[in-house]
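Presented below is the structure to which this report refers.
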Amino acid sequence: MKSSFPILQIIKREGNLAPYDRDRISTAIFRAMASLGQGDRAQADSLALDVERALIAAYGTDATPSVEEIQDIVEETFMARGAIKTARAYIIYRNQRAQARTARAYAFEVTDNIPYKKIYEVLRWNMDHGCDSISDLNALIAGGHFPRLVRKADRRYDEELAECAAQILERQDAVRLVIVAGPSSSGKTTTTAKLSERLARVGLGFKAINVDNYFFDLEQHPRDEFGDYDYEAPQSLDLKLINEHLSALLAGETIQAPRYDFKTGRRTLAVEPLRLESNQILLLDSLHGLYQDMTRSIPAEQKFRLYIETLGQLRAADGAFMRWADNRLMRRMLRDRLHRNSRPETTLTHWHYVRRSELKNIIPFIDTADFLVNSALPYEIPILKHRVFRYFPEAVARYHQDPSRQDAYIRAKRVYDFLSPLTAVADDACVPADALLREFIGGSRYGA
């Protein structure tokens, strides 16, 4: 069934062009409806025609949409017709097709707390898109292709969230609590917001509980020999109250959530009433979401655990890869300055707390997660360099002879040496407001 509309070709997932055929859209829709025991081919054909018209409206005449863009329009078309259940079935169908293409098992493989298979996939993606090394990134920037890399990298991240959403939908009858966990500055806030949006489109409601509001007052946190407070340990949170409130919410009760002010370091109890409606799932965004004591009061079968990490694969000329934690360090230097009234230098010297807690309270639990998202964006490093690079040579000079700050010196020198050959990008106008990076550089439409 060839189209009379001016769409002649589509862009396949690997980047190749293929002839456009509306029948393929109709077939996918028909299979989704059939899985629910409803609908027929005529209805599928009608929906496919609506999708085609929506594509023309969205992308114009002579458009060459991608497979993913077409699939997004299919979901939106279902929603416009009020076909919520069919939209959910299509999302699940779409995810299962993706699973078959990549031959992935639902459970990602973890050995020694390292998801090697996932890392290999990230490296292959970077190689396929010419951004796996500093020299390649420099060439992309010099050639004017940086905005295109931004679009492709953001699209890859969004596709992973679509796959995660599909798996949640498959378990929606049992799941009451979705946990978004991961180390510091891995992008949990934006991931939580985007996941909520995606599932809301198919009628699945969410209610978020902000675990940061459950910090004890700052004077109750432990200090080191420098007088720095430790926000990173799960024991800095009121775990007992968190569990009480989680259980109460899932039981249909109204809680009075606290509020924490990071600028004053003080918590106020019983500030905000919070209640979970019968058609809602509770959403928990937490550094320590996989830590057992964080959600001990909730049965395992009622939890869906998403783990997010910057699994970047960027190489220097000598073949050394940038460390994931160094990527997150630069993000947090910016975030702390924007939202926590903290200087970038303070973040750098505090990072030993972050890493110590990650290795003890986060990394060991990766293999308990149901889904893994890579939040590293190859284009972010040149942008982050422009914003924070100047702090690293200053730290190298300041801490080189200070025996008590050798951790900060080693990190600063490693980042300085790695990023020195990279071209910095000052203009971030090509980064959209819904991009995960906006959580750290500002301008996010999610208010992060």
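Coordinate-derived values only; no laboratory data. Since the model is a prediction, treat every value here as computed from it, not as a measurement. Using ideal geometry, Cβ is built from the backbone for each residue, glycine included, and neighbour counts are taken over all protein chains shown.
Checking the a/c ratio against 1.5 first, then a/b against b/c, what shape does the Cα gyration tensor give for segment 115-177? Let's see the in-between values first.
Working: a/c = 4.85, a/b = 2.33, b/c = 2.08.
Judged from the Cα gyration tensor, segment 115-177 comes out prolate (a/c at least 1.5, a/b above b/c).
Taking 45 Å as R0, compute the FRET efficiency from the Cβ-Cβ separation of Leu17 and Asp417 and round it to 0.05. Provide the component values of the computation, followed by the final result.
Details: r = 42 Å, r/R0 = 0.93.
Step by step, r from the Cβ atoms, then E = 0.60.
Consider just the alpha-carbon atoms of segment 24-96 and return their Rg together with their Dmax, both in angstrom.
11.6, 36
With +1 on the Cβ of every Lys and Arg and -1 on the Cβ of every Asp and Glu, and nothing else charged, how large is the dipole of the chain about its Cα centre, in debye rounded to the nearest 20?
Details: 62 positive and 61 negative charges, 52 e Å.
Roughly 240 debye, rounded to the nearest 20.
Can you tell me how much longer the chain between Glu301 and Asp217 gets when fully stretched, taken as 0.36 nm per residue apart minus their C-alpha distance, in nm with one decimal?
Working: separation 84, 0.36 × 84 = 30.24 nm, distance 3.32 nm.
Additional length available on full extension: 26.9 nm.
Return the distance in nm (one decimal) between the two label points of a simple spin-label model at Ala174 and Asn279, each offset 7 Å from Cα along Cα→Cβ.
Modelled inter-label distance: 2.5 nm.
Specify the angular offset, from 0 to 90 degrees and rounded to the nearest 10, of the alpha carbon long axis of helix 239-250 from the longest principal axis of the alpha carbons in the chain.
Once rounded, the angle reads 20 degrees.
Would you list the P(r) distribution for segment 134-225, with all Cα-Cα distances sorted into 10 Å bins from 0 and each bin expressed as a whole %?
Going from the shortest bin to the longest, the percentages are 12, 32, 25, 18, 13, 0.
Does segment 378-448 come out rounded, prolate or oblate, given a ≥ b ≥ c as the square roots of the eigenvalues of its C-alpha gyration tensor, rounded meaning a/c under 1.5 and, failing that, prolate meaning a/b above b/c?
Prolate, because a/c is 1.5 or more and a/b exceeds b/c.
Compute the acute angle (0 to 90°) between the alpha-carbon long axis of helix 146-170 and the principal axis of greatest extent of the alpha-carbon atoms of the chain; round to the nearest 10°.
Approximately 80 degrees, to the nearest ten.
Let's test this: bin the Cα-Cα distances of segment 206-343 at 10 Å from zero up to the farthest pair and state each bin's percent.
10, 33, 32, 19, 5, 1
Extending each Cα 7 Å along its Cβ direction at Asp427 and Glu345, get the distance between those two points in nm, one decimal.
According to this spin-label approximation, the distance is 3.3 nm.
Looking at Gly37, Ile84, Val67, which one has the Cα that reaches farthest to the positive end of the dipole of segment 9-102 (charges on Cβ: Lys, Arg +1; Asp, Glu -1)?
It is Gly37.
When the helices in the chain are scored as -39500 (n - 2.57) per DSSP H run of 4 or longer and the sum is shared across all residues, what 222 nm value do you end up with, to the nearest 500 deg cm²/dmol? Present the calculation step by step, with values, prior to reporting the outcome.
Working: 15 runs with 207 residues, N = 448.
Rounded to the nearest 500, it is -15000 deg cm²/dmol.
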